[in-house]
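Chemist: Input: one structure, supplied below.
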Amino acid sequence: MCGIFAYKGDKKNAPELVVNGLKKLEYRGYDSWGVAYRTGNEIKVYKEIGKIGEFDIKAGNEKIDFSANCNLAMGHSRWATHGGVTKENAHPHYSEDKEIAIVHNGIIENYAELKKDLIEKGYKFRSETDTEVIAYLIEDHKDLGFTESVKKAISMLQGRYAIVVMNAHNDALIAARRGSPIIIGKGKNEYFIASDIPAFLEYTREVIYLDDNQMIIIEDEVRFVDLETNKEVKKRIVKIDLDAQSAEKGEFPHFMIKEITEQKETIARAINQDPAKIMEIAAAIKSAYGTYLVGCGTAGKVCLAASYHFAKIAKRHVNFAFGSEFPSLQDFITDKSLVVAVSQSGETADTLDAIEVAKKKGAKVLSIINVEGSSMDRISDYKIYIKAGPEKAVASTKATTAQMAILTLLAYACAGKLDEGKRLLVETASRINDMLNPRYEAHIQKLAQQIKDWESIYVIGKGQNYPMALEAAIKLQEVSYIHAEGFAGGELKHGPIALISKGTPCIVLVANDETKQDILSNAMEIKSRGGYIIGIAPENNDVFDYWIKVPESGNASPIVNIIPVQILAYQLAILRENNPDMPRNLAKSVTVK
Ligand code: M6R
């Protein structure tokens, strides 16, 4: 949620470099963007609404002077929290005297009180944002010098932040974090500061992860300071082995379809884990006095599906809560509990909040994450990386199925059947490889053509596939903007069936197990009321008006059943002329509560 990128080094085209880096972070927020750089003793700030790198000249906006000889710049891509999508609210923000500029990701919870105090002192604000308050606080303490005034301002903030600050008087660049990511890329005589690694991957693979309550000060020398002790700290440089290519679209028109297609490999990669480690984690689940699966959005649906797996495969009751709801259940948490946090980014604020709550109670935390070095990675007792590679499309696809695969494996491990689980998932991965081909996509595209103008789509599932019905609905909502809802098949007759009219598209997720007859009966109930039944199932059935075949896959059916819906959502987005990679109102990494 919001992308930050800054550069200081030998290169003389810093503003251009920052704009290009911001484009790689666009998935984090894309309602507006801006860049600041220093020329002489002045900071220039450019802001725009819309696509990164494009200037609305007609609106009288100036273009960034890319020919300026400049080796220090910073930029921001925004997902609005405080204040609408306007040029004034876009970052960077100046202090009132324009001698400080700041970019920020996060939310300052006490900004209203701070702003009130500053207004009483006579400051006049230009935006509605919480961020501008930080710039003004720095200005208010400028007598302390640049670094100390930033520290002082930070000490007054409540909430989460990742900030980068520059000033008009020298070439210093300062960044600090609490709760939102900041990653430093170290090149030869140059430093990159970013919310995520792809922003600087083409320049360096040497990274330093800034921890919470730490600050980096880049002047002639580079220093890291622990803001709680005010002492300098040494940081480790980590070599990462991501390749720049994996974070690019390549031959694909969109990241979403690239990432859907990558599921040919990602599921097999996810389950390729050290068996001893999986058994150690299974033992922790078994010995915990209460295990809680926690995640948000799609990751939450994966957790819910996993709770079915643990019940069915491992005969264990495992609780589930959305990250945002978990604090309300905290009275059950003890130092014997285990919290399993599931997250692609490892940065989702609601999930991090749940972890914080659990840790305060002394519980142990296992994170199942994609992004190594993320906040969850750094604060968890156990971690499993899903190894899906960068997922850039806002709609989660390959991370979802990789998370599902790992949790299925863990359920088997808890049942003492790790090898059986692995065999099932390896076979499933290979069947998915066969399934994902242009003919299959064309079959789904034909369906998309038929239903693209419907106002609503409903999805039903039962057992392990009920959470996948919920997930299918999210996928359809976020990229097609068609109203979509998922239900447990058996629940329809208790109310929602009133929504069905002639032709209403209803997707039915079928598994070849004990739930099959019931869900087919539910489909029949919908069909009898005029619904158009789209069956996603290993075998055809008379009740289906349109059949999308999926491979038979036993307990891995939630994994195979969600893939055709991912493709359908993508096709609907294209037919409805939506950008599937950057759906309206959303951002990839939700780092605000
Ligand atoms: O990074 P996370 O997995 O923690 O993200 C959680 C949700 O924000 C995320 O799954 C969201 O629901 C996706 N856009 C859904 O496709």
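Chemist: Only one of these is in contact (Cβ under 8 Å) with a residue 24 or more places away in the chain and among the small types (Gly, Ala, Ser): Gly50, Gly84. Name it.
Modeler: Unique residue meeting the criteria: Gly84.
Chemist: Inside the range 492-521, can you point out the residues that are surrounded by fewer than 24 Cβ atoms within 10 Å (Cβ to Cβ) and in a helix (DSSP H, G or I)?
Modeler: Leu492, Lys493, His494, Pro496, Ile497, Ala498, Leu499, Lys516, Gln517, Asp518, Leu520, Ser521
Chemist: Which of the following residues is buried (at least 17 other Cβ atoms within 10 Å of the Cβ), over 23 Å from Glu347 (Cβ atoms) and in contact with a strand residue (DSSP E or B) (Cβ under 8 Å, 6 or more places away or on another chain): Ile4, Ile43?
Modeler: It is Ile43.
Chemist: Taking the range 384-397 as the region of interest, how many residues are among the hydroxyl-bearing types (Ser, Thr, Tyr), within 12 Å of the ligand (Cβ to nearest atom) and either open to solvent by 10 Å² or more (accessible area, probe 1.4 Å) or not assigned by TED's automatic domain parsing to the domain that holds Met279 (or both)?
Modeler: Number of matching residues: 1.
Chemist: Look through the range 279-297, keep the residues that are among the small types (Gly, Ala, Ser) and within 10 Å of the ligand (Cβ to nearest atom), and return whichever of them is least open to solvent (accessible area, probe 1.4 Å).
Modeler: Step by step, filter the range 279-297, then rank; the result is Gly295.
Chemist: Go through the range 344-376 and report how many residues are assigned to a helix (DSSP H, G or I) and either within 14 Å of the ligand (Cβ to nearest atom) or assigned by TED's automatic domain parsing to the domain that holds Asn105 (or both).
Modeler: 9
Chemist: Moving on to the next point. Please determine, by comparing only the residues of the range 237-268 that are basic (Lys, Arg), at pLDDT below 95 and closer than 20 Å to Lys398 by Cα, which one is surrounded by the fewest Cβ atoms within 10 Å (Cβ to Cβ).
Modeler: Lys249
Chemist: Across the range 188-199, what is the total count of residues that are more than 19 Å from the chain's Cα centre (by Cα) and part of a loop (DSSP other than H, G, I, E, B)?
Modeler: 2
Chemist: Of the residues in the range 298-325, how many are more than 16 Å from the ligand (Cβ to nearest atom), assigned to a helix (DSSP H, G or I) and open to solvent by 10 Å² or more (accessible area, probe 1.4 Å)?
Modeler: Qualifying residue count, the range 298-325: 6.
Here is a yes/no grid of residues against (1) away from the ligand (no atom under 13 Å from the Cβ); (2) at pLDDT below 95; (3) in contact with an Asp or Glu (Cβ under 7 Å, 6 or more places away or on another chain):
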| residue | (1), (2), (3) |
| --- | --- |
| Arg378 | yes, yes, yes |
| Tyr382 | yes, no, no |
| Thr401 | no, no, no |
| Thr408 | yes, no, no |
| Leu418 | yes, no, no |
| Lys422 | yes, no, no |
| Asp434 | yes, yes, no |
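Chemist: May I pose another question? Is at least one residue of the range 402-425 assigned to a loop (DSSP other than H, G, I, E, B) and open to solvent by less than 10 Å² (accessible area, probe 1.4 Å)?
Modeler: The answer is no; no qualifying residue exists.
Chemist: While we're here: Restricting to the range 468-491, count the residues that are in a helix (DSSP H, G or I) and either within 16 Å of the ligand (Cβ to nearest atom) or touching a residue at least 60 places away in the same chain (Cβ under 8 Å) (or both).
Modeler: Number satisfying all stated conditions: 13.
Chemist: In addition: Exactly one of (1) part of a loop (DSSP other than H, G, I, E, B); (2) closer than 30 Å to Thr348 by Cβ; (3) open to solvent by less than 60 Å² (accessible area, probe 1.4 Å); (4) out of contact with any strand residue (DSSP E or B) (no Cβ under 6 Å at 6 or more places or on another chain) is unmet by Leu157. Its number?
Modeler: Leu157 satisfies every listed condition except (4).
Chemist: Would you mind stating whether Ile193 is surrounded by 15 or more Cβ atoms within 10 Å (Cβ to Cβ) and either charged (D, E, K, R) or touching a strand residue (DSSP E or B) at 6+ places or on another chain (Cβ under 6 Å) (or both)?
Modeler: Yes; evaluated as a whole, the condition is true for this residue.
Let's see how each residue does on (1) charged (D, E, K, R); (2) under 29 Å from Asp241 (Cβ atoms); (3) touching a strand residue (DSSP E or B) at 6+ places or on another chain (Cβ under 7 Å):
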residue: Gly373; (1), (2), (3): no, yes, yes
residue: Lys383; (1), (2), (3): yes, yes, yes
residue: Val394; (1), (2), (3): no, yes, no
residue: Ala411; (1), (2), (3): no, no, no
residue: Cys414; (1), (2), (3): no, no, no
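Chemist: Of the residues that sit in the range 347-376 and are small (Gly, Ala, Ser) and at pLDDT below 95, which one is surrounded by the fewest Cβ atoms within 10 Å (Cβ to Cβ)?
Modeler: Per the criteria, the residue is Gly373.
The values are calculated or read from the model by the stated rules, or taken from the named source; none is laboratory data. Owing to the predicted nature of the structure, the values given are computational and were not obtained by experimental measurement. When we count neighbours, we look across all protein chains shown, and the Cβ atoms used for this are built from the backbone with ideal geometry, even at glycine. Just the protein is used for accessible areas: all its heavy atoms, side chains included, with ligands, DNA and RNA removed. Shrake-Rupley method; radii C 1.70, N 1.55, O 1.52, S 1.80 Å.
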